[in-house]
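A quick write-up on the structure given underneath.
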Amino acid sequence: MDEQALLGLNPNADARYRQRAMAYFEQLKESQDAWEVCAEALAKGIYSDDHIKFFCFQVLEHQIKFRHAGLSAVQQQLIRETLMKWLQCQLMNGQPEKPFIRNKAAQVFALTFIMEYLTMWPKFFFDILSLVGLNPHGVDIYLRTLMAIDGEVVDRDILHSPEETRRNTLIKDSMREQCIPHLVESWFQILHTYQHSHPELTCQCLEVVGAYVSWIDLNLIANDRFVNLLLSQMSVEELREEACDCLFEIVNKGMDPVDKTKLVESLCQVLQSAGFFNIEQEEDVDFLAKFSRLVNGMGQSLVLSWTKLAKCGNAKAAGETLQAMEAKVPLLLQLLVHEDDDISANIVCFCYEYLHVLKQLPQLSDQQKSNIEAIMLAVMKKLTYDDEYNFENEGEDEAMFVEYRKQLKMLLDRLAQVSPELLLEAVRRVFTNTMQNWQTALFMEVEVAIRLLYMLGEALPASHGAHFSGDTAKTSALQDMMRTLVSCNVSSYQHTSVSLEFFETVVRYDKFFTAEPQHIPTVLMAFLDQRGLRHNSPKVRSRVAYLFSRFVKTLHKHMNSFIEDILTQIQDLLELAPPENGFPALLTSDDQLFMFETAGILIVNGESPVERKQALMRSLLLPLMDAFRLLFAKLSQETEEERRSALADCLSHAVGFASRTSKAFSNKQTVKQCGCTEVYRDCMQTFLPALSCPVQRGVLRSSVRSFLHRMIICLEEEVLPFIPAASEHMLKDCEAKDLQEFIPLISQMTAKFKRQVSPFLQQVFMPLVLAIFEVLARPAEENDQTAALEKQMLRRSYFTFIQTVTGSGMNEVMANQGAENIERVLFTIIQGAVDFPDPIAQKTCFIILSKLVELWGGKDGMVGFPDFIYKHIVPACFLAPLKTTFDLSDAQTVLTLSECSVTIKMIHLKRGPEFIQFLQQDYLPSLQVSPEISQELCQVIQQPDVKMLKNYMKVRLFSPHISLTAHCYRSACDCLLSVQAFFQRAKL
């Protein structure tokens, strides 16, 4: 072997040696017989360096995995001999190889087994077992090999080809017939021999048994001899967790439901008599987590057996299985309430499925009701935070508890389905007792009491949150609890978790205040003072800002007498925080968005006269405009980039806040009806100069553009005078992203105002189109994925804009652009339909073409357009689906083909028999389409139902296996050569 190259295998070798080692590895892999050097090195133990040994196994692995079929019989025999000689060496070595070498050796053994077991090496296991006997080093390799075989042949998490699946099935069948009993016997001997002297080998063996039990004869394992051995190992500290996992796999094996019940019951009896059910005496939480998983598996197995037996009508066996299931409930409860959450979480699935069984029973016994109540109490107890939960800096442990709480919520929801009355009463009892003494209770007790009330909102069904109408018992209980919550002053409890839960619950049951509005002032005070928006925790303040906006949205009709008082109290929270302040604001800018929206809702929906609403809205927006002017002047003079960025962010926030207030308006309360048109026009005049700002353009343009979107919705035609100047600024020096975001604004305006904006659109149409062409034509680096994606999105936006214009009944916008410009735009649509492998854009292009044919394709249409139809649109309808990138297994592409069919149908509708004649006599023959298919296609086109054409084009015409050939594709390409030449000149 190349000793110099082997030096590069050391992780500490320099790059030159490592490169040489890699080249040598590739050389050995590709050579027909060079790998034999590695085989010899392994068989004779020539090298002591671990990395070289690993390297040799890698070379051998490659030969077996990828070139085994091409090896001669002699070479295949050499591999077998090499492996057995290497294994023999392990038996004599004083020290075992490093684990990573043993694992790689096991992989190579497993690959050889897979390739040769069914044909050349049926005695694989017998040869290995006869060689290793009970030698611990040999047993270790044997067990690792079995696990590697499981990974290759059995493991369902690994995807296999159909051929590999068939092979694996044959291997398992052959193993069952030939060697499984011998393997099981070897496992028993290993477990028995090494349980005290070599616990690591025993654990390995238990893992093997667990892996193989799913597909071998269970009687070989589930017998007194084997189970007694496993149970004895559950008392050995080093083995008990692995033994538990092994028993879990045994219980989990699919089998007849009656037999499964017997298996579980016999196992439970043995475990109980051995004292494993005495949970409170066990201190090893790691073992208990495994044991809880085992009990969960046994419980789920009984549920599955009961379901099968009940379904097939075997009432007697189903009753016995239910009885067996019920007998496990005391153990389930002990595990569910265990202070360790991992132990509790492992039993949740059995608990959930047991409740599902109870839900299906026609009537519950007293014991079953008692079980339900016990589970409820356990869930309520486990929902409680512990002392160690870090609310200010939540880490991994806290995240795990949150996930565990979600599991408990599932149980609570299931309890509500089984017995809503019991759950309601249990929650009411806990809640009432806690609220009576909240001043002296621990925070976690108070939080969980309110949390339970909150969770009832989802657990108990109610249409659209209508918990306070309908069922009298439920309504009465919930109203009592809500009354207590808002009147007992628990909102003053000094802990963030309690504060948050209080406000979350108040907002969840906002319909309560519709029924009892007298409580609204009390809750408003809590929202507005140090308990809510002025709480000392930023986390609470932030969440309360959002919840307050929701509360006001729902209940503003009941707040008329408090509106101005609320606005006064939140005035300081509506101030724009200047960047040079230096003091942290109570609310972040994101939180302030909710506050401005809330203020807007209060003003707009109040019962004040229009003049008062106008004054209130002006007093809300005027400080923003003043601050904007001041900061904008500073930005124009600022030279430091970091300071510019801070000022631009602040300006963006001002625009965003003003924009957010407009969300308060609706069809019932418009800007005009509220007398607020003038103040928003003032905002427009204040903000629009930012569009021409030469610095921080991205941030400023984005915020003003969003504001314009809102104003198009709210101000109606009052916004129109501002659009031309805004558009002019936004089209200057723009990037792909700017245009991509500007086009939806123009499209929105076009769709809303239609003919009102036709003159403006005619004016801006070509400047916008040319700006798009210019950006798309800019060169970009070949591997720049971001630039490529931006261009793709811009193309889509461009086509969507053209679609909006053509679909809004304003064909004069395009028609008045002059012949050359119209032609240029039309060619880009043809290009979009054919050239770019983007089915979303292609679909849009065919929609546009169909609309243009409808508008201009008739007898009184645009002069010259029929000629364009035959020269370009018809070929596009055939060329696009013939492209290799046109993938009919993709849903978007299928929609594109559908629109292509609509376009063809529209051409026929507008041109009639002339189109059919063109296809039959000119176009289809030019593609060398057979007369039979040509006639068939034309007949389908003439059918009234377009669905027939869509289906025909998908299934018959453009199916990969039928009709139009590659020759047709070349012919269609020839038809569009002139178009392609134009595209190249335009660089689109």
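The values are calculated or read from the model by the stated rules, or taken from the named source; none is laboratory data. Since the structure is predicted, the reported quantities are computational estimates derived from the model, not experimental observations. With ideal geometry, Cβ positions are generated from the backbone for all residues, glycine too; neighbour counts draw on all protein chains shown. Heavy atoms of the whole protein, side chains included, go into the accessibility calculation; ligands, DNA and RNA do not. Shrake-Rupley method; radii C 1.70, N 1.55, O 1.52, S 1.80 Å.
The figures follow:
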{"item": "Sites matching GluC sites (Glu not before Pro) across the range 366-429 that sit in DSSP coil, with at most 13 neighbouring C-beta atoms within 10 Å", "result": "GLU388, GLU392, GLU394"}
{"item": "Positive dipole terminus of the chain, leading residue within PHE765, SER662, PHE628 (C-beta point charges)", "result": "PHE765"}
{"item": "Cα principal axis extents for the range 457-558, largest first, Å", "result": "40, 26, 24"}
{"item": "Most to least accessible of SER273, SER898 (protein chains only, probe 1.4 Å)", "result": "SER273, SER898"}
{"item": "Dimensions in Å of the range 764-919 - Rg and Dmax from alpha carbons", "result": "15.7, 49"}
{"item": "HIS192 accessible area, assembled protein chains, probe 1.4 Å, Å²", "result": "100 Å²"}
{"item": "Residue-span extension gain [ASP50 to THR193] - 0.36 nm each, minus C-alpha spacing", "result": "48.5 nm"}
{"item": "Pairwise FRET efficiency - GLU177 versus GLN762, Cβ, R0 = 60 Å, nearest 0.05", "result": "0.10"}
{"item": "Overall form of the range 15-85 per C-alpha gyration tensor (a/c, 1.5; a/b vs b/c)", "result": "oblate"}
{"item": "FRET efficiency for GLU735 and ASN103, using Cβ-Cβ distance with R0 set to 45 Å, rounded to 0.05", "result": "0.30"}
{"item": "Set of lysines with alpha-carbon distance to LYS359 below 19 Å, sequence-local pairs under 8 removed", "result": "LYS308, LYS311, LYS328, LYS369, LYS409"}
{"item": "DSSP-loop trypsin sites (Lys or Arg not before Pro) across the range 856-964, with at most 13 other Cβ within 10 angstrom", "result": "LYS859"}
{"item": "Separation of alpha-carbon centers, the range 286-362 and the range 58-127, rounded to whole Å", "result": "45 Å"}
{"item": "Size of charge dipole - the range 563-720 - debye, nearest 20, with Cβ of Lys, Arg +1 and Asp, Glu -1, no other charges", "result": "500 debye"}
{"item": "Solvent exposure of the chain as accessible area per residue, Å², 1.4 Å probe", "result": "45 Å²"}
{"item": "3J(HN,Hα) from dihedral phi, the range 691-705, Karplus parametrisation 6.51/-1.76/1.60, rounded to Hz, x for glycine, proline", "result": "5, 9, 5, x, 10, 6, 5, x, 5, 5, 4, 4, 5, 5, 4"}
{"item": "Restricting the range 35-113 to GluC sites (Glu not before Pro) in coil, as DSSP defines it, with at most 11 other Cβ within 10 Å", "result": "none"}
{"item": "Gain on full stretching of the segment that runs from GLN77 to GLU238 - 0.36 nm per residue minus C-alpha separation", "result": "53.9 nm"}
{"item": "Shape of the range 563-720, Cα gyration tensor, a/c cut at 1.5", "result": "oblate"}
{"item": "Helix-only CD estimate at 222 nm, as mean residue ellipticity for the chain, using -39500 (n - 2.57) per DSSP H run (n ≥ 4)", "result": "-22500 deg cm²/dmol"}
{"item": "Potential extension, GLN439-VAL894 segment - 0.36 nm per residue separation minus Cα distance", "result": "157.3 nm"}
{"item": "Fraction of accessible area attributable to carbon and sulfur, the chain (%, probe 1.4 Å)", "result": "51 percent"}
{"item": "Paramagnetic reach from VAL258 in the range 287-312 [backbone N under 15 Å; point 7 Å along Cα→Cβ]", "result": "305-306, 308-312"}
{"item": "Gyration tensor (alpha-carbon) shape descriptor, the range 761-804, a/c threshold 1.5", "result": "oblate"}
{"item": "Two-decimal Rg/Rh across the range 657-802, once Rg and the Kirkwood Rh are taken from alpha-carbon atoms", "result": "1.00"}
{"item": "Distance (nanometres) between label positions extended 7 Å along Cα→Cβ at PHE126 and THR472", "result": "8.3 nm"}
{"item": "Residue-wise HN-Hα coupling along the range 897-912, computed from phi with Karplus coefficients 6.51, -1.76, 1.60 (Hz; x: Gly, Pro)", "result": "4, 4, 5, 4, 5, 4, 4, 4, 5, 5, 4, 5, 4, 8, 9, x"}
{"item": "Distance between the range 659-708 and the range 465-488 - C-alpha centres, whole angstrom", "result": "42 Å"}
{"item": "Per-residue ³J(HN,Hα) for the range 771-780, Karplus 6.51 cos²θ - 1.76 cosθ + 1.60, θ = phi - 60°, Hz, x for Gly and Pro", "result": "4, 5, 4, 5, 5, 5, 7, 5, x, 9"}
{"item": "Area accessible to solvent at ASP835, 1.4 Å probe radius, in Å²", "result": "40 Å²"}
{"item": "Dipole of the chain, positive end: most advanced residue of PHE594, GLN756, PHE878 [Cβ charges, Cα centre]", "result": "GLN756"}
